[in-house]
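Novice: Pasting a structure below so you can have a look.
The values are calculated or read from the model by the stated rules, or taken from the named source; none is laboratory data. Predicted, not measured: the structure shown is a model, and the values here were computed from it. Don't worry about glycine lacking a Cβ; one is built from the backbone with ideal geometry, like all the others, and counts go over all protein chains shown. These accessible areas exclude ligands, DNA and RNA; they are computed on the full protein's heavy atoms, side chains included. Shrake-Rupley method; radii C 1.70, N 1.55, O 1.52, S 1.80 Å.
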Amino acid sequence: MPVGAKSAWYTVFMLSRVGVVAVQGDYERHILALRAAADGPLEVVEARVPEHLDGLDGVILPGGESTTVGLLLRRYGLGEALVEFAASGRPMWGTCMGMILMAKDIERGRPDQYRLGVLDVTVRRNAFGAQVHSFEDEVPVRGLSEPVLGVFIRAPVVVRYGPGVEVLSEYEGQIVAVRQGNRIGTSFHPELTHDARFHRLFLGL
Ligand code: GLN
C-alpha cells in the first residue's frame, strides 16, 4: 500500500494488548507479524488457558489443525472463554484453522467437530482438493488498495454466510475472507508473508 494511503477500517485507536491462541499451529508467526505491524506499544500474549484472555482487547486464532485444537480448546475451557470474549464485542481474527474454529458450521469436519460458532458462516474444510494442498496467489481484499499475497495451506472456503457477514475477498469464485462486525475470518495466512497490512487492519478494529 502506498505510504499515507489508508484503508476504510484504519483508525487512530489501535489495540494495545492482543492474545494469540497458542495451543498448536503457527501462532509464533502471528506474534512476529503483530510486532512488525504495531505502530505503537503492543503487548502480545500467548493464550493457552482462559485466564490468559483477561485484559486483552483482541485475539487471533492461528492456522493449525482444527480437529486437534478444537479438542484442546474444549478440554481446557479456553473455547468457552473465547465465546465469552467474542460476545463481549472484542475483535477476533481466525486464519485458516482459526476461521474453521470460529464458524457456526463446518463441512467435511468430524461429525461433532468442536467450534466456537461466533462467525455466522459455513466453512468447507480442505476446499481446494488433495492435489492442491498449498499454493500462493494474489488476492484482492475489500478495504485494501493493492491485493495481498494469499498463502493457502489445505485451506477452507466459506460456502454460506448470514446477513450480518460481509465478504472481504473472493478467489476464483470462492469466498476466502469475511467480516462480521469486528470478527474476521481468512482462508489464507497473512502471518506467513512480509506484508503487515492485514495485521494492521486487525489492530485498527
Ligand atoms: N486443513 C486444516 C484444518 O482443517 C486447516 C489448515 C490450516 O490452518 N492451514 O484444520
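Novice: Between beta-carbons, use under 12 Å as the cut-off and find the net charge around A127, counting Lys and Arg +1, Asp and Glu -1. Before the final figure, lay out the partial values.
Specialist: On the way: positive: R108, R124, R125, R154; negative: E107, E172.
After counting each charged neighbour, the total is +2.
Novice: State, to one decimal in nm, how far the label point of D54 lies from the label point of Q24, with both points 7 Å from Cα in the Cβ direction.
Specialist: About 2.8 nm separates the two model spin labels.
Novice: Expressed as a whole percentage, what fraction of the accessible surface of the chain belongs to carbon and sulfur atoms when a 1.4 Å probe is rolled over the protein heavy atoms?
Specialist: On the way: 4600 of 9260 Å².
Summing carbon and sulfur atoms, their accessible area is 50 percent of the total for the chain.
Novice: Just to be sure I understand the curve: with the Debye formula and one point per C-alpha of region 67-111, what is log10 I(q)/I(0) at q = 0.18, 0.28 Å⁻¹?
Specialist: Log10 I(q)/I(0), no solvent term: -0.56, -1.20.
Novice: Can you give the accessible area per residue of region 46-205, in Å², using a 1.4 Å probe? Intermediate values should be presented prior to the final figure.
Specialist: On the way: 6670 Å² over 160 residues.
About 42 Å² of surface per residue is accessible.
Novice: Follow-up. Could you sort the peptides 151-161, 28-38 by per-residue average Cβ neighbour count (10 Å cutoff), highest mean leading?
Specialist: Numbers: 151-161: 21.5, 28-38: 18.8.
Descending packing order for the listed peptides: 151-161, 28-38.
Novice: Once you list every other residue whose beta carbon is under 12 Å from the beta carbon of V20, what net charge do they have if Lys and Arg are +1 and Asp and Glu are -1? Show your work: numbers first, answer last.
Specialist: Working: positive: R17, R29, R35, R48; negative: D26, E28, E43, E46, E191.
Neighbour charge sum, excluding V20 itself: -1.
Novice: Take the Cα pairs of region 123-205, get the Kirkwood Rh, then feed it into Stokes-Einstein at 4 °C and 1.567 mPa s and tell me D in µm²/s. Before the final figure, lay out each step's value.
Specialist: Details: Rh = 13.1 Å.
This corresponds to a translational diffusion coefficient of 99 µm²/s.
Novice: About the Cα centre of region 103-148, what is the dipole size in debye to 20, counting +1 per Lys and Arg Cβ and -1 per Asp and Glu Cβ, all else neutral? Spell out each step's value before the answer.
Specialist: Numbers: 7 positive and 8 negative charges, 64 e Å.
In total the dipole reaches around 300 debye.
Novice: Let me ask another. What does the extension gain come out to for V159 and E43, with contour length at 0.36 nm per residue minus their alpha carbon separation? Don't jump to the answer; show the numbers that get you there.
Specialist: Values: separation 116, 0.36 × 116 = 41.76 nm, distance 3.50 nm.
Additional length available on full extension: 38.3 nm.
Novice: Among residues other than P140 whose Cβ falls under 9 Å from its Cβ, what is the net charge (Lys/Arg +1, Asp/Glu -1)?
Specialist: Numbers: positive: R142; negative: E138, E146, E170.
Once positives and negatives cancel, what remains is -2.
Novice: So for each of 192-205, 69-82 I average, over its residues, the number of other beta carbons within 10 Å; can you give me the resulting order with the highest mean first? Please list the in-between numbers first.
Specialist: Details: 192-205: 20.0, 69-82: 17.9.
Peptide ranking by packing, descending: 192-205, 69-82.
Novice: Give me the three principal axis extents of the chain from the C-alpha atoms, as integers in angstrom, largest value leading.
Specialist: Principal-axis extents of the chain (Cα, largest first): 48, 41, 31 Å.
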